[in-house]
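Visitor: Supplied in structure tokens, the structure appears directly below.
The values are calculated or read from the model by the stated rules, or taken from the named source; none is laboratory data. These numbers were taken from a predicted model, which means no experiment stands behind them. Virtual Cβ from ideal backbone geometry, glycine too; neighbours counted across all protein chains shown. Calculation scope for accessible area: heavy atoms of the full protein, side chains included, ligands and nucleic acids excluded. Shrake-Rupley method; radii C 1.70, N 1.55, O 1.52, S 1.80 Å.
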Amino acid sequence: MDKFINNQEFMRELFDDAEQAERAGEIGAAILAARSLRMTDIAVEMEGKSTAAYKRIQRFLEQADPRTALWRLFQEEAEFVIGDPTEIERPQAWKTEYVGTLKDGKTRGFWSLMLATPYRGRAIPCGMVTYSSKTIAQGLDSRNLNHFRAFDGLKDLLGGRPLVLDREFSYLELMLNLFEEQLSWVIRLNLRSKPPKFYDAEGQEVALTISSGENVTLNHVWYMGKVCLNVIGTWKKGLAEPLWVMTNLEASRGLQIYLARMKIEETYRDLKSLLGLTKLMHQRQVYMEKMVSLLLLTFTIGLLVGEELRDLLYGEPIAEDEPVEDHQRIPGTPSRKQGKKWKRYSGLFVLLKQKWSLSEPQKTAISHAALSIFRNLVQPIVRT
């Protein structure tokens, strides 16, 4: 399956210390094999006795910080950066210091806020913070401050790129913070709970009204009377509700970027269902974050290798409107059926879940191609 992936080669591009890179590669390969983030599961897949392997993982977490290496995966060519939190349930973790209750007020767990750039229908992570109702109470901070903390680590990399955020980020404190930091952003409006109010230059309230099939643009309106921005709404026929986006970019550009937004939820789904993100058992938050960051690095390696594998197995898809019959195809190009399969599966799913067989030259070619892409992606950034 994934045995041909030389994880150490990839990790050497991320860790300055050679020994840490070797250990990260070893643990990463075991994560792909175990498809779990539980240390006992990972240790079983490592060489030697599992008790000794478990101790090697512990020493790595004490000595290395994959959270720093994660920033090196920021894609310079990315048009925008996505931020999105997900809930990680830990129903049995009654004594874990960083586990609180989730949005429903009952389920135990915490939030992971991931920053990422889009890549072929998934996303490549480049930053991460975690928080919970319990850590917020202990630290006398708030969800908002944890959001600011995540974006603060990103602002030097953003340049003119906008942050693209979903509706849970639709709140005034964040707007004011982004304005103060002079960042560009595109945020979906949250109209499900308490709808925000907008005002024109004369202080008159502006209503968000739209009909099915319409597009509506409101330029230079004041969000909650505090932040001047542009709002655009679209309601495509057949959908149950309209989509409203606010941005400090030109309105139509903001909507275009949001509609092009990679669904980061798909990446979270892969992390949870394919790599066992929810099988997390660390007692200390710092070690948990290090392990999650190592998982994200390993995910990226698996994704890049899997994408090369997907292209080899199914070829790049033929456009739906291309009038080409199978007997008219250029030899070696994919059939229309193959193109549909290419669209259906992510590279990581193909790598970890499908049955396939490759020759040694094919394995070498895929590994080298993915490593080349990885090297072009990695940035020489050191965070302290």
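Visitor: What order do Thr209, Thr247 take when sorted by accessible area (1.4 Å probe), most exposed first? Don't skip to the answer; put the middle values down first.
Guide: Numbers: Thr209 95, Thr247 0 Å².
Greatest to least solvent exposure: Thr209, Thr247.
Visitor: Could you tell me what percent of the DSSP beta bridges with both partners in the chain are antiparallel, to the nearest 5? List each step's numbers first, then the result.
Guide: Values: 38 of 45 bridges.
The antiparallel fraction comes to roughly 85 percent.
Visitor: Just the number please: accessible area per residue for the chain, 1.4 Å probe, all protein chains included, in Å².
Guide: Working: 18680 Å² over 384 residues.
That works out to 49 Å² for each residue.
Visitor: Ranked highest first by the average count of other Cβ atoms within 10 Å around their residues, in what order do 269-276, 154-161 fall?
Guide: Details: 269-276: 18.9, 154-161: 14.4.
Averaged packing, sorted descending, gives the order 269-276, 154-161.
Visitor: Taking a ≥ b ≥ c as the square roots of the Cα gyration tensor eigenvalues, with a/c under 1.5 meaning rounded and otherwise prolate when a/b beats b/c, else oblate, which class fits the stretch 1-136?
Guide: Numbers: a/c = 1.93, a/b = 1.16, b/c = 1.66.
Oblate shape, in that a/c is at least 1.5 and b/c is the bigger or equal ratio.
Visitor: What number, rounded to the nearest 500 deg cm²/dmol, is the helix-based mean residue ellipticity at 222 nm of the chain, given -39500 (n - 2.57) per DSSP H run of at least four residues and division by all its residues? Write down the numbers at each step before the final one.
Guide: Details: 15 runs with 160 residues, N = 384.
My calculation for the chain gives -12500 deg cm²/dmol from helical runs alone.
Visitor: Could you tell me what percent of the accessible area of the stretch 113-196 is made up of carbon and sulfur, with a 1.4 Å probe and every protein chain present? Numbers along the way, then the final one.
Guide: Working: 1740 of 3470 Å².
C and S fraction of accessible area: 50 percent.
Visitor: Rounded if a/c is under 1.5, else prolate if a/b beats b/c, else oblate: with a ≥ b ≥ c from the C-alpha gyration tensor eigenvalues square-rooted, which is the chain? Provide the component values of the computation, followed by the final result.
Guide: Values: a/c = 2.03, a/b = 1.24, b/c = 1.63.
Verdict is oblate for the chain.
Visitor: So, by mean Cβ neighbours within 10 angstrom, what's the order for 106-114, 45-53, 20-28 with the highest one leading?
Guide: In descending order of packing, they fall as 20-28, 106-114, 45-53.
Visitor: List every residue whose amide H lies under 5 Å from the amide H of Val206, counting only residues 5 or more places away in sequence or on a different chain, with H placed 1.01 Å from N in the peptide plane.
Guide: Phe198, Tyr199, Asp200
Visitor: Could you order Lys290, Lys353, Lys363, Lys237 by accessible surface area, starting with the largest, using a probe radius of 1.4 Å? Numbers along the way, then the final one.
Guide: Values: Lys290 20, Lys353 110, Lys363 50, Lys237 165 Å².
Sorted descending by solvent-accessible area, the residues read Lys237, Lys353, Lys363, Lys290.
Visitor: Here is a further query. If you roll a 1.4 Å probe over the stretch 15-69 with all protein chains in place, what percent of the accessible area is carbon or sulfur? Don't skip to the end; give the middle numbers.
Guide: On the way: 1110 of 2640 Å².
Summing carbon and sulfur atoms, their accessible area is 42 percent of the total for the stretch 15-69.
Visitor: Determine the relative contact order of the chain: mean sequence separation of Cα pairs under 8 Å and six or more apart, normalised by residue count, in whole percent.
Guide: Values: 655 pairs, mean separation 74.5, N = 384.
Reported as a whole number, the value is 19 percent.
Visitor: Greater than 32 Å separation of Cα atoms is the criterion. Which listed pairs, Lys95/Lys353; Lys237/Lys353; Lys134/Lys194; Lys106/Lys236; Lys197/Lys279, meet it?
Guide: Distance filter (> 32 Å) returns Lys95/Lys353; Lys237/Lys353; Lys106/Lys236; Lys197/Lys279.
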